[in-house]
1. Please give the FRET efficiency for Thr47 paired with Thr100, using the beta carbon to beta carbon distance and R0 = 35 Å, rounded to the nearest 0.05.
2. Distance between the C-alpha centers of the range 72-86 and the range 1-19? Whole Å please.
3. Considering Cα pairs under 8 angstrom that are at least six residues apart, work out the relative contact order of the chain and quote it in whole percent.
4. Could you pull out every one of the lysines with an alpha carbon less than 21 Å from that of Lys33, ignoring same-chain neighbours closer than 8 positions?
5. Let me check against my output: what whole-number percent is the relative contact order of the range 2-55, with C-alpha pairs under 8 Å and at least 6 apart?
6. Counting each DSSP H run of 4 or more residues in the chain as -39500 (n - 2.57), what helix-only mean residue ellipticity at 222 nm follows after dividing by all residues, to the nearest 500 deg cm²/dmol?
7. Where does the chain land on Rg(C-alpha)/(2.2 N^0.38 Å)?
8. Give me the lysines in straight-line cross-link reach of Lys90: C-alpha distance below 26 Å, same-chain residues under 8 apart excluded.
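Each reported figure results from applying straightforward, stated rules to the coordinates on display, with no laboratory input. Being a predicted model, the structure only gives us computed values, none of them experimental. Positions of Cβ are generated from backbone atoms using ideal geometry, with glycine treated the same way; all protein chains shown enter the neighbour counts.
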Amino acid sequence: MQTLPIALVEEGMVLARDVVRQDNPNGPPVCGKGMTLTDNLLERLRTMGIKSLVVEGHPVDVDGEQSLAEMLAALEERFRKAEHDPLMMKLRECYRKIITRSMEGFSSGREAD
């Protein structure tokens, strides 16, 4: 999943999280997770003052963001000193799954090895 400013969100992208109003974050969602965005819906969200959306996959390559391979290499480095601790290795694998799942649909050509 990827959090994007609403200006970068395009028709056809799918919401990965519910959208709630900033002035009433505990209120009912404006749009539900899994909804496919249309131009009309995006315009309504802009009018409501929604500034960003969390969409499925990783549809936009933003300058300065790390690729999946870079994220996984950084994860390995962070856990390198704990490779003899089975519990820490399980934790590393949990993080690996979360990172990999968050980057599903990333199609800019910067794939993991």
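1. Details: r = 36 Å, r/R0 = 1.03.
So, using R0 = 35 Å, E works out to roughly 0.45.
2. Spelled out, the Cα-based centre of one part sits 32 Å from the other.
3. Values: 149 pairs, mean separation 35.5, N = 113.
Normalised by residue count, the contact order of the chain is 31 percent.
4. Partners within reach: Lys51, Lys97.
5. On the way: 83 pairs, mean separation 28.0, N = 54.
Across the range 2-55, relative contact order equals 52 percent.
6. Working: 3 runs with 38 residues, N = 113.
So the helix-based figure for the chain works out to -10500 deg cm²/dmol.
7. Details: Rg = 17.1 Å, N = 113, 2.2 N^0.38 = 13.3 Å.
Scaled against compact globular proteins, the figure is 1.29.
8. Hits, sequence-local ones excluded: Lys81.
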